[in-house]
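Since the structure comes first, as structure tokens, the remarks are kept for the end.
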Amino acid sequence: MTKIKGNNVLITGGASGIGRIMGRMALERGAKSLIIWDINEANIASTVEEYKKLGTVKGYKVDVSNTQQVQEIVAQTEKECGNVDIVINCAGIVANNETFDKQSIRDIERTISINTTAPMIIAQQFLPKMIERNHGHICNIASAAGMISNPRMSVYAASKWAVIGWSDSVRIELKQMKSKVRFTTIAPYFINTGMFDGVKSRFFKILKPEPTSKKIMNAIERNRNFKGIPFGYHFIRFCQAILPTSIFDYIFGEFVGIFHAMDNFTGRQKK
Ligand SMILES: NC(=O)c1ccc[n+]([C@@H]2O[C@H](COP(=O)([O-])OP(=O)(O)OC[C@H]3O[C@@H](n4cnc5c(N)ncnc54)[C@H](O)[C@@H]3O)[C@@H](O)[C@H]2O)c1
């Protein structure tokens, strides 16, 4: 078990969507303090204002894709809040729904650096100290798109496949070290937070942010290695392994409709 109670919990991307909800849940479950890292200053301020009645909450503006900024904020966070016990790498972006031939270099680099490199750099900053204390938990929010090669989200899918591979590899390293530090990898289907506004889902229901956040917090507390949400996603790789590609593509892509989910994507519209 990883107790949230009494621990310092850091959530990147904690000022919006599921990151914001999990922050509230961390405080409700008795976290010693909630530390929010996000790039959106206005959302950080409103989240801190709303949550301060629930417990100790600190917000830091940081671009997680800027390694120097991350290193500085790590030092500031530890000085002001003490050791970080639980990290939830949740900050993420999806740049567009264009096919790969229309992607810009900027969007490719931005997506990979925020979704993939940043969780690694952030974990690398905290993990050695967690291993030394033999205490800590890092949870990485990947995506179901890291298990199925959805069209019109090739760069996003690549960024999340990489997170799954990296995160699960470190989990095994920790096990081999006999460390009590844990890694949890989460792969949710579409969640109704605004990030993927416009997507259509024929078969699987689009997930609700509140219950999805609760499932992730429970997965951390129960030291789950990997959690696909919904549970059916755990069978994706099995199906890929036993079915010829053309049949897999037809069943999941066309019949279930996953390969058309991004056709009407708009993303979160600026107010
Ligand atoms: N919404 C979905 O359908 C869905 C599905 C599967 C996985 N996910 C993943 O879950 C995570 C949270 O998604 P969400 O739906 O809550 O999204 P969201 O857009 O509501 O929240 C993402 C947060 O990350 C922050 N952020 C973005 N770039 C940043 C940067 N460079 N530095 C610091 N913070 C930055 C944003 O300001 C925002 O507060 C993401 O990693 C996303 O890829 C989302």
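The values are calculated or read from the model by the stated rules, or taken from the named source; none is laboratory data. Just so you know, these numbers come straight off a predicted model, no measurement behind them. Heads up, the Cβs are rebuilt from the backbone with ideal geometry, glycines too, and the neighbour counts pull from every protein chain shown. Ligands, DNA and RNA are stripped out before the accessible areas are found, and what is left, the full protein with its side chains, is counted by its heavy atoms. Shrake-Rupley method; radii C 1.70, N 1.55, O 1.52, S 1.80 Å.
Screening Ser167 against (1) without any contact (Cβ under 8 Å) to a residue 60 or more places away in the chain; (2) over 26 Å from Gln68 (Cβ atoms); (3) not acidic (Asp, Glu) leaves a single unmet condition, (2).
Looking at region 62-89, I want the residues that are closer than 22 Å to Glu109 by Cβ and within 14 Å of the ligand (Cβ to nearest atom) and have a partner that is outside any helix (DSSP H, G or I) and open to solvent by 40 Å² or more (accessible area, probe 1.4 Å) with Cβ atoms under 8 Å, at least 6 apart or on another chain. Which pairs are those? From region 62-89, the pairs are Val62/Ile39; Asp63/Ile39; Val64/Ile39; Gln69/Asp63. Filtering region 197-208 for residues that are touching a Lys or Arg at 6+ places or on another chain (Cβ under 9 Å), farther than 30 Å from Asn8 by Cβ and of a type in the set (Asp, Glu) leaves a non-empty set. Scanning region 144-166 for residues being of a type in the set (Ser, Thr, Tyr) and open to solvent by less than 10 Å² (accessible area, probe 1.4 Å) gives a total of 1. Selection of region 197-225 for residues being free of Cβ contacts under 8 Å to residues at least 60 places away in the same chain and not charged (D, E, K, R) yields Phe203, Phe204, Ile206, Leu207, Pro211, Asn218, Asn225. Please verify whether Ser169 is surrounded by fewer than 21 Cβ atoms within 10 Å (Cβ to Cβ) and either more than 16 Å from the ligand (Cβ to nearest atom) or within 18 Å of Gly17 (Cβ to Cβ) (or both), treating the condition exactly as stated. Yes, satisfied. When residues in region 217-271 are screened for being touching an Asp or Glu at 6+ places or on another chain (Cβ under 8 Å), closer than 21 Å to Lys205 by Cα and surrounded by fewer than 13 Cβ atoms within 10 Å (Cβ to Cβ), 1 of them pass. Would region 180-189 turn up any residue that is within 16 Å of the ligand (Cβ to nearest atom) and either polar (S, T, N, Q) or closer than 18 Å to Thr99 by Cα (or both)? Yes, region 180-189 has at least one match.
Out of all the residues in region 150-166, is one or more at pLDDT below 95 and within 22 Å of Met195 (Cβ to Cβ)?
Within region 150-166, one or more residues are at pLDDT below 95 and within 22 Å of Met195 (Cβ to Cβ).
Taking the stated definitions as given, is Phe204 under 24 Å from Ser154 (Cβ atoms) and of a type outside the set (Gly, Ala, Ser)? In short, yes. Here Arg202 meets each of (1) assigned to a strand (DSSP E or B); (2) away from the ligand (no atom under 14 Å from the Cβ) with one exception, condition (1).
For region 124-161, the tally of residues that are under 20 Å from Gly14 (Cα atoms), more than 16 Å from the ligand (Cβ to nearest atom) and either basic (Lys, Arg) or in a loop (DSSP other than H, G, I, E, B) (or both) stands at 1.
In the set Glu109, Glu98, Glu132, which member is among the acidic types (Asp, Glu) and under 27 Å from Lys175 (Cα atoms)?
It is Glu132.
Here the helices (runs of 4 or more DSSP H) wholly within region 1-118 that include at least 3 residues being open to solvent by 60 Å² or more (accessible area, probe 1.4 Å) are 41-51, 67-81, 105-112.
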